[in-house]
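Asker: After the structure tokens below, expect a handful of questions from me.
Taken together, the values in this text are just the output of simple stated rules run on the coordinates, not laboratory data. Model, not experiment: these values are computed from the prediction. Cβ sites come from the backbone with ideal geometry, for glycine too, and all protein chains shown count toward neighbours.
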Amino acid sequence: MDRLSFYWQRMLESDLIYYYRRDKIAIVSSLVFLIFALMALFSPLIAPFDPYDLTQLDLMNSEMPPVWIEGADPRFLLGTDDQGRDLWSTILYGMRVSLLIGICAVLLQGTIGIVIGLVSGYMGGKVDSLLMRIADVQLSFSTLMVAINVLAIVKNAFGGETYSNWAMVILILVIGLSEWPQIARTVRSSVLGEKEKEYVDAAHVMGFGPVRIMFKHILPNCLSPIFVISTVQIANAIITEAALSFLGLGMPVTQPSLGSLISIGKEYLFSGSWWITLIPGFFLIAIVIAINLMGDFLRDVFNPRLYKE
Amino acid sequence: MFQFLIKRTLQAFVVMFIISIFCFLVQDSLGDPTRELAAMSMSNADRADLRESLGLNDPLLVQYGRFAGRALQGDLGNSYFFKEPALTVIMKKLPATLELVFAASFLIIFVSIPLGVFTAIRPRHWFSRFTMAVSVIGISIPVFLTALGLIFIFSVTLGWMPSFGRGEVVHIWGYWSSNFFSWDGFLHIIMPAIALSSIMVPLFIRLVRAEMLEVLSSEYVKFARAKGLGSVPVYLKHALKNTMLPVITVGGVQIGIMVAYTILTESVFQWPGMGFMFLEAVNRSDIPLITAYIMFVGLVFVVVNTLVDMLYGMINPMVDLVGKG
């Protein structure tokens, strides 16, 4: 117990908390993100309807406006979409899908990126130049482009039905696999800085193997840049997922993410039912802005170049 | 120098080779040409004969050789839907996409460079703070939402702007169709161009600002100041020139990346370009057109990136060419 309170005390006195308390934007954006994350996590409890349950749908309820507009039904807080689904419930579930895909994709790219970055930075030489060459090439093709092309082919290979069932896994794989160079490069550059230090020499002298030195000694000292870039990468992954779903290559209409909801609504923009598109769009933008602002804050704290100012 | 050029060119070929293998495998496993050629009533034996005569039973390597050979001559197969060579279809759609990219690049250059320079020179001015705040928001808004928002405000609510298509185009030299020579065409390109540039403008403002800040704190700018030069010549002649180098290289790569975003923009505005064509091809399972598009766009990427890299290597004397290549 004493140990726990010691760590707690140390955390409270850390630079991160020090700067966090003085940064209003960081406090607000992290709170907003926390609220969204909780809403997404507990969406089955909060949502008044189950958007995946087809028996609850009634076409008579379709395209109802949000409650503050005349002609609304008080049961549907933010109105309904074209199939009569409650938009508020669908957004809650959609946020869950978007966040889940974003976070899992970043976990995947983080794992690949950390391993490749560590190996590349620590080994150096031929291995390093080959891996970084591949990373360069992969980076020069935009993720969105690669993802669109791969998904287009996967969709045609599997057929629409199977594709819809596996959409979430496929999206995580595609976004995760195509973004690893971002993290690998970051890890590599900090490994290059760390591996010259004395503690690595000491570990060598003690006879530890390269794997142990890489993961137990060097990696813990490279965590802060990984932390910063992962935050921004979550925002990017969410945007990419939304874009793919918007194009009809992502989550199916029956299990919509925020992107597919926006896509459903775009047809109805002209008939005046703007809420089907613009309300999910608002939620998407709010999540991404909150994450990006958190990323900006972390970058400022962890970037030692800025201490001078 | 020469060694660097060779190495870069070789790398470009390797990448193109990998893309072509990928496209070949896709076409081989998904695109069955007999489906297109054979009649419904054709028996299985006839079908097998047809496969044999088309060389579909040859070893994979031989088939790839044929595929690559044809691709090098510009034959990327025939589109199922358009009943035309895929490359011809792409070339017909190319002007629409290029004009969109051009209009968006124009906006990016003339919006982000002045704003970036201003925010670097006067970091504490209210307008700089406002610009930076807007740029964080701008980075967070996906292209398709900007596009839909523009349509909602200017087409649906206000009714000022056309919301889809290219409008009236003027044909030049019988081939190139342009939006810039008629008022109607010009009106049609405004919103797609703004939407397409919306993701890049904040990025470039930040880039120009960061580079400019770095240059402004360097010794030679301080020296130019100490020499008694006025601030305008120092900013524009000494500082901006050196800011442009990284901006141009990043810009070159980003313009390649914009091709990906044209798919999103074109699908919202139903702009009849390559991206819109590609999405339609995906929905129609038009495999030859899909692979042709991937090969074509892959080539554009590889060529642009290689040129930008070479240009950078040549302009910037600090780059260790051989070590880097």
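Asker: Lys/Arg Cβ at +1, Asp/Glu Cβ at -1, dipole of the protein assembly as shown taken about the Cα centre: which of A:PHE76, B:PHE82, A:GLY281 is farthest positive-ward?
Answerer: A:GLY281
Asker: Let me ask you something else. Under the rule of at least 5 residues apart or a separate chain, name every residue whose amide H is placed under 5 Å from the amide H of B:GLU168.
Answerer: So B:GLU168 has HN proximity to B:GLY185.
Asker: Can you give the Rg to Rh ratio of the range B:205-325, both from alpha-carbon atoms, with Rh computed by the Kirkwood formula?
Answerer: 1.18
Asker: Dividing the convex hull volume of the Cα atoms of the protein assembly as shown by its residue count, what figure in Å³ per residue is obtained?
Answerer: It is 234 Å³ per residue.
Asker: Next up: What is the local net charge at A:PHE227, summed over the other residues whose Cβ is closer than 15 Å to its Cβ (Lys, Arg +1; Asp, Glu -1)?
Answerer: Taking every Cβ under 15 Å from that of A:PHE227, the sum is -2.
Asker: For the range A:135-229, which GluC sites (Glu not before Pro) pass both filters: DSSP loop (anything but H, G, I, E, B) and at most 12 other C-beta atoms within 10 Å?
Answerer: A:GLU196
Asker: Using the charge dipole of the range B:53-186 (Lys, Arg: +1 at Cβ; Asp, Glu: -1 at Cβ; taken about the Cα centre), state which of B:TRP176, B:PHE154, B:SER135 has its Cα farthest towards the positive end.
Answerer: Working it through, the farthest residue towards the positive pole turns out to be B:SER135.
Asker: Sequence neighbours fewer than 8 away in the same chain don't count; with that in mind, list the lysines whose C-alpha is under 24 Å from A:LYS24.
Answerer: Partners within reach: A:LYS308.
Asker: While we're here: For labels at A:ASP53 and A:MET123 in the simple 7 Å Cα→Cβ model, what's the distance in nm?
Answerer: In this crude label model, A:ASP53 to A:MET123 measures out at 5.4 nm.
Asker: Over the residues of the range B:87-199, compute the C-alpha Rg and express it relative to 2.2 N^0.38 Å.
Answerer: Rg over 2.2 N^0.38 Å, computed on Cα atoms: 1.27.
Asker: So for the range A:182-309, considering every pair of alpha-carbon atoms, how many percent are separated by more than 22 Å?
Answerer: Within the range A:182-309, distances greater than 22 Å cover 56 percent of Cα pairs.
Asker: Also, quick follow-up: From the mean inverse distance of alpha carbon pairs (Kirkwood) and the Cα radius of gyration, derive Rg over Rh for the range B:64-143. Walk me through the intermediate numbers first.
Answerer: Values: Rg = 22.1 Å, Rh = 16.7 Å.
Answer for the range B:64-143: 1.32.
Asker: Follow-up question, since we're still on this one. Just tell me which lysines come within less than 30 Å, Cα to Cα, of A:LYS126; anything on the same chain fewer than 8 places away is out.
Answerer: Once the sequence-local lysines are set aside, what remains near A:LYS126 is A:LYS195, A:LYS197, A:LYS216, B:LYS7, B:LYS324.
Asker: Determine the relative contact order of chain B: mean sequence separation of Cα pairs under 8 Å and six or more apart, normalised by residue count, in whole percent.
Answerer: Reported as a whole number, the value is 27 percent.
Asker: Mean projection of the alpha-carbon convex hull of the range A:121-217 over all orientations, in nm²?
Answerer: 8.0
Asker: Please arrange A:PHE49, B:PHE186 by counting, for each residue, the other beta carbons lying within 10 Å of its beta carbon, fewest first.
Answerer: B:PHE186, A:PHE49
Asker: Further question: How large is the Rg to Rh ratio of the range B:170-271 when both quantities use alpha carbon positions and Rh follows Kirkwood?
Answerer: Across the range B:170-271, the Cα-based Rg/Rh ratio is 1.17.
Asker: Treating only the Cβ of Lys, Arg, Asp and Glu as charged (+1, +1, -1, -1), what charge dipole size does the range B:192-255 show about its Cα centre? Round to the nearest 20 debye. Spell out each step's value before the answer.
Answerer: Values: 7 positive and 3 negative charges, 46 e Å.
Roughly 220 debye for the range B:192-255.
Asker: Another question, then. Let me spell out the model: positive unit charges on the Cβ of Lys and Arg, negative unit charges on the Cβ of Asp and Glu, origin at the Cα centre of the range A:112-267. What dipole size does that give, in debye rounded to 20?
Answerer: Roughly 180 debye, rounded to the nearest 20.
Asker: Would you list the membrane-span-like helices of chain B, meaning whole DSSP H runs whose alpha-carbon atoms span at least 20 Å along their axis and whose mean Kyte-Doolittle value is at least 1.0? Mind showing how you got there, number by number?
Answerer: Numbers: long enough: B:2-30 (42 Å, 1.52); B:86-121 (50 Å, 1.82); B:126-140 (22 Å, 1.19); B:183-198 (23 Å, 1.14); B:200-216 (23 Å, 1.36); B:240-269 (38 Å, 1.22); B:287-315 (42 Å, 2.00).
Correct list, ordered by number: B:2-30, B:86-121, B:126-140, B:183-198, B:200-216, B:240-269, B:287-315.
Asker: What ³J(HN,Hα) values, in whole Hz, does the Karplus curve 6.51 cos²θ - 1.76 cosθ + 1.60 give for the range A:238-252 when θ = phi - 60°, with x put for Gly and Pro?
Answerer: 5, 5, 4, 4, 4, 5, 5, 5, 4, 7, x, 9, x, 5, x
Asker: By a straight-distance test (C-alpha under 19 Å), which lysines pair with B:LYS237 as possible cross-link partners, with residues fewer than eight away in the same chain excluded?
Answerer: The qualifying lysines are B:LYS222, B:LYS227.
Asker: If each Cα of chain A is one equal point scatterer, what is log10 of I(q)/I(0) from the Debye formula at q = 0.11, 0.13, 0.14 Å⁻¹?
Answerer: With one equal scatterer per Cα and no solvent, log10 I(q)/I(0) is -0.80, -1.02, -1.11.
Asker: Considering amide H positions built from the backbone, and no H for Pro or chain starts, which residues 5 or more places from B:ASN78, or on another chain, come under 5 Å of its amide H?
Answerer: B:ALA86
Asker: What is the fewest-to-most order of A:HIS204, B:HIS238 by other Cβ atoms lying within 10 Å of their Cβ?
Answerer: Ranked by crowding around the Cβ, least crowded first: A:HIS204, B:HIS238.
Asker: Would you kindly calculate the translational diffusion coefficient of chain B, applying Stokes-Einstein with the Kirkwood radius from alpha carbon pairs, for 37 °C and a viscosity of 0.692 mPa s, and quote it in µm² s⁻¹ without decimals? Spell out each step's value before the answer.
Answerer: Numbers: Rh = 23.0 Å.
Translational diffusion coefficient: 143 µm²/s.
Asker: Okay, moving on. Counting Lys and Arg as +1 and Asp and Glu as -1, each charge on the Cβ, what is the dipole of chain A about the Cα centre in debye, to the nearest 20?
Answerer: Details: 21 positive and 26 negative charges, 238 e Å.
About 1140 debye.
Asker: Right, another one. Starting from the amide H of A:THR80, placed 1.01 Å from N in the peptide plane, find each other amide H under 5 Å away whose residue is 5 or more places distant or on another chain.
Answerer: The answer is A:GLU63, A:MET64, A:LEU87.
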